[in-house]
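Notes follow the structure.
The values are calculated or read from the model by the stated rules, or taken from the named source; none is laboratory data. Please read these numbers as outputs of a predicted model, since none were measured by experiment. Note that each Cβ is placed from the backbone with ideal geometry, even for glycine, and that neighbours are counted across all protein chains shown.
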Amino acid sequence: MNVVYEHIETLRRSYQGFFLEEQECLEHLKGSVKDNLVDREEWQDSINRLRALKDETGFAVNDELLADLQELENKEVELQQFRVGEAYAEIVLEQEFTCRFHWNENRDTRNPKGNKTGADLVGFIEVDGQVLFLFGEVKTSSETATRPPQVMTSTHGIENQLRNLYNDRSTRLILISYLKNKMRHYPVDHPFRRDFEASERAYYFGDCDYQLIGVLVRDVEPDQRDVEPSYARLREQVLEPRGINLVALYLPIQKEEWLGIINEQTE
């Protein structure tokens with residue numbers, strides 16, 4: 001992954017553009033991005049449980065079990081392209097920005113084609129030894145007619161969504177409560193609990209510290225104008241110590257091809 005442009009004021013206030021090589025992009029789509037979208041851990045657990053029932057001595061296997069097992073074993077990802085962008089954003093933030101998403105939000109989704117509520121990204125970020133709540137938004141766009149694209153500047157664009165997260169304490173409380181609810185199901189020494197407790201202290205003691213991140217996923221040529229104007233406005237509205245970071249990811253593969261690559265069968 002190559003940096004094509006960047007502007008770094010501090011460790012927590014910056015914008016960056018990254019270009020991915022084709023082979024790296026293919027590996028992500030077939031590997032970590034797909035694992036995120038299908039929630040590989042839960043998917044494998046479901047298959048194992050049904051296989052165990054099927055093999056259980058004296059258990060009368062019905063057609064429903066066989067049909068569900070076959071569907072899981074042959075599962076393809078059937079999602080809109082923006083969900084691929086969201087999964088890609090999580091993977092890159094985990095790999096490059098010391099972000100952690102301990103809970104796959106697909107487990108909370110009753111409709112896999114539905115939208116997330118509250119924020120696209122809810123997790124933790126570690127910066128300079130400090131762990132903070134991370135709230136973020138992701139958009140995918142091929143638009144080149146205007147720079148920044150409309151998904152950055154429209155009413156429901158990243159710029160406005162991050163500004164709303166900064167201004168709306170109640171929305172942040174809902175997101176923190178969501179994380180707390182998930183954290184409670186893990187043992188005391190689990191990293192999820194440690195991250196939550198550290199972030200909670202940073203948020204409620206002192207200056208109410210947390211990090212906002214916006215990720216723009218593109219399948220066009222890199223251009224600094226995709227994020228620079230939005231960052232210039234947000235840095236004046238999101239006041240320190242809160243962090244604001246905009247990231248543009250430029251993929252060399254057209255978004256119409258992403259799902260086909262994810263669902264390719266390998267021998």
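Computed quantities for the displayed model
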quantity	calculated
Residue that is surrounded by the most Cβ atoms within 10 Å (Cβ to Cβ) [pool: residues in region 224-248 that are more than 25 Å from Ser199 (Cβ to Cβ) and among the aliphatic types (A, V, I, L, M)]	Val227
Residue match in region 256-264 (condition: more than 21 Å from Thr155 (Cβ to Cβ) and free of Cβ contacts under 8 Å to residues at least 12 places away in the same chain)	yes
Qualifying residue in region 207-223 (condition: surrounded by 15 or more Cβ atoms within 10 Å (Cβ to Cβ), within 20 Å of the chain's Cα centre (by Cα), of a type in the set (Lys, Arg) and assigned to a helix (DSSP H, G or I))	no
Residue pairs meeting the criteria (Cβ under 8 Å; at least 6 apart or on separate chains; first farther than 18 Å from Ala87 by Cα and among the aromatic types (Phe, Trp, Tyr), in region 1-27; second assigned to a loop (DSSP other than H, G, I, E, B) and at pLDDT 95 or above)	Tyr5/Pro222; Tyr15/Val227
Hits in region 93-115 (condition: in contact with a Pro (Cβ under 9 Å, 6 or more places away or on another chain) and modelled with pLDDT under 85)	Asn106
In region 232-255, the residues that are over 20 Å from the mean Cα position of the chain (by Cα), part of a helix (DSSP H, G or I) and in contact (Cβ under 8 Å) with a residue 40 or more places away in the chain	Arg233, Leu234, Arg235, Gln237
Contacts under 9 angstrom Cβ, first residue in region 145-170 being surrounded by 13 or more Cβ atoms within 10 Å (Cβ to Cβ), partner of a type in the set (Lys, Arg) and part of a helix (DSSP H, G or I), 6 or more apart	Arg147/Arg225; Pro148/Arg225; Glu159/Arg233; Arg163/Arg233; Leu165/Arg172; Tyr166/Arg172
Residue count for region 43-92, restricted to those that are modelled with pLDDT of 75 or more and either of a type in the set (Gly, Ala, Ser) or touching a strand residue (DSSP E or B) at 6+ places or on another chain (Cβ under 8 Å) (or both)	11
Region 13-42 - residue that is modelled with pLDDT under 95 and surrounded by fewer than 13 Cβ atoms within 10 Å (Cβ to Cβ) and, of those, farthest from Pro222 (Cα to Cα)	Glu42
